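The values are calculated or read from the model by the stated rules, or taken from the named source; none is laboratory data. These numbers come from a predicted model, not from an experiment. Note: ideal-geometry Cβ built from the backbone for every residue, glycine included; neighbour counts use all protein chains shown.
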Amino acid sequence: MSRPIIFAGAPYSNSAPLVDRLESVDPRVRVINDHPSRLVADLHAGRADVALIPVAHLHSHPELAMLEGLGIAADGPVRSVLLKCNVPVRQVATVARDPASASSNALAELLLERHFGLSVEFHDFRTGGMADAAVVIGDRALCSDPAPAGDIDLAEAWKAMTGLPFVFAVWAVRNDYPHIASATEIAHKAYDEGRKALEAIAARYAAQLGRSPGFWLDYLTAAIHYELTPCDLEGMALFGRMVRGEE
C-alpha cells in the first residue's frame, strides 16, 4: 500500500492522545481535522480512509465498521459533555443541540426521557440562550462556568441509569476499505505513543486554552479512557438499541 492513509479527527483535547502521533508512527499517514458531524461524509466521499466518528453515526450507518479496541469513553463523570441548564432540570422543556456531536445530543434526549422522565423538544438554536438547556461538548464545555441552574454531566447520568460506561467516539472505516488491519495497527501504535506524550499534550492545551497542565492531565487520564473494555462495548451496544427503540 503506497498511497497515503488519511485519518480524520476532531480538534478537541480528548482526541489528541489518539491523533497526535499518527503521522509519526507511519510515514504513509496524513491527518485532517473536521467537524465531527462531517466525518461520515468525509469517509463516504473518500476524503478520509479512517475517521473518529461519533458513536451514534456508527449505529446509524451499517456500511461503516469500527476499528477494534480504541475509542473515547468515560466510566462516570466526563466533564466535557454537559447539559447546561438555564432552568431547573425538572422544568426543562426545550433543549439546544450541540452541532458538533450526534452522540451527545442523542444521549441527552435519552436521559431526559428515560432517566429524568421528561418530554422535551430539541432545536438547532445558534446558542443555548433561547432554550431551557443546551448540550455543550468538548473543550468549550470543559472550560465553561456552570450554567445558571447547574450542569448535568451526561456520562455521569448514563452511568447512574445503566451502570455502564459511555463510548462517545470510535475510529471507523467503510466496510469495503481494503486495509482495515493496517489501519487498526497504525491506530494502536499511535495511541501507544500518544499516551506517552500525555504531559506534553496537557501542557499544550494549558498554553492554548488556560487552566493548569495538571487540570488537562487529570482530564485525559481520569475522566477519559481510550482502550475499550467489554463493559464499554456493552454500553455502546445498549445505547445503539435504545437509539433504535429496541429497548
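When only residues in the range 79-99 that are in contact with a His (Cβ under 9 Å, 6 or more places away or on another chain) and surrounded by 20 or more Cβ atoms within 10 Å (Cβ to Cβ) count, which is farthest from Val40 (Cα to Cα)?
In this case the residue turns out to be Val95.
Here are some residues: Glu185, Glu199, Glu246. Which one is free of Cβ contacts under 8 Å to residues at least 60 places away in the same chain and over 24 Å from Val31 (Cβ atoms)?
The conditions single out Glu246.
Can you find a residue in the range 183-193 that is among the acidic types (Asp, Glu) and assigned by TED's automatic domain parsing to the domain that holds Glu109?
Within the range 183-193, not a single residue is among the acidic types (Asp, Glu) and assigned by TED's automatic domain parsing to the domain that holds Glu109.
For the range 221-247, which positions are out of contact with any strand residue (DSSP E or B) (no Cβ under 9 Å at 6 or more places or on another chain) and assigned to a helix (DSSP H, G or I)?
If the condition is that a residue be out of contact with any strand residue (DSSP E or B) (no Cβ under 9 Å at 6 or more places or on another chain) and assigned to a helix (DSSP H, G or I), then Thr221, Ala222, Pro230, Cys231, Glu234, Ala237, Leu238, Gly240, Arg241, Met242, Val243 are the ones that fit.
In the range 21-37, how many residues are surrounded by 15 or more Cβ atoms within 10 Å (Cβ to Cβ) and out of contact with any strand residue (DSSP E or B) (no Cβ under 6 Å at 6 or more places or on another chain)?
Selection size over the range 21-37: 4.
Filter the range 165-198 for residues that are in a loop (DSSP other than H, G, I, E, B) and surrounded by fewer than 19 Cβ atoms within 10 Å (Cβ to Cβ) and give the result.
Across the range 165-198, the qualifying residues are Asn175, Asp176, Tyr177, Pro178, His179, Ala197.
Of everything in the range 1-19, what is more than 20 Å from Ile180 (Cα to Cα) and not in a helix (DSSP H, G or I)? Give them in sequence order.
Ala10, Pro11, Tyr12, listed by residue number.
Mind counting the residues in the range 220-247 that are over 14 Å from the mean Cα position of the chain (by Cα), surrounded by 17 or more Cβ atoms within 10 Å (Cβ to Cβ) and closer than 25 Å to Ser144 by Cβ?
0
Look at Leu52 and say whether it is part of a helix (DSSP H, G or I) and closer than 25 Å to Leu238 by Cβ.
No; evaluated as a whole, the condition is false for this residue.
Would you call Leu111 at pLDDT 95 or above, over 21 Å from Leu228 (Cα atoms), in a helix (DSSP H, G or I) and touching a helix residue (DSSP H, G or I) at 6+ places or on another chain (Cβ under 6 Å)?
yes
So which residues in the range 199-219 are among the polar types (S, T, N, Q) and in a helix (DSSP H, G or I)?
Within the range 199-219, just Gln208 meets the criteria.
Out of Ala237, Ala197, Ala131, Ala155, report the one residue that is out of contact with any Asp or Glu (no Cβ under 7 Å at 6 or more places or on another chain), farther than 27 Å from Ala41 by Cα and small (Gly, Ala, Ser).
Residue meeting the stated conditions: Ala131.
Taking the stated definitions as given, is Asp145 crowded, with 18+ Cβ neighbours inside 10 Å, under 23 Å from Asn105 (Cβ atoms) and either modelled with pLDDT of 95 or more or not assigned by TED's automatic domain parsing to the domain that holds Pro54 (or both)?
So Asp145 fails the test.
crowded, with 19+ Cβ neighbours inside 10 Å and touching a strand residue (DSSP E or B) at 6+ places or on another chain (Cβ under 9 Å): does that describe Gly138?
Yes.
Would you check if there is a residue in the range 192-201 being modelled with pLDDT of 95 or more, farther than 28 Å from Leu164 by Cβ and in contact with a helix residue (DSSP H, G or I) (Cβ under 7 Å, 6 or more places away or on another chain)?
yes
Would a scan of the range 63-74 turn up a residue that is in contact (Cβ under 8 Å) with a residue 60 or more places away in the chain, surrounded by 19 or more Cβ atoms within 10 Å (Cβ to Cβ) and in a helix (DSSP H, G or I)?
No - not one qualifying residue is present in the range 63-74.
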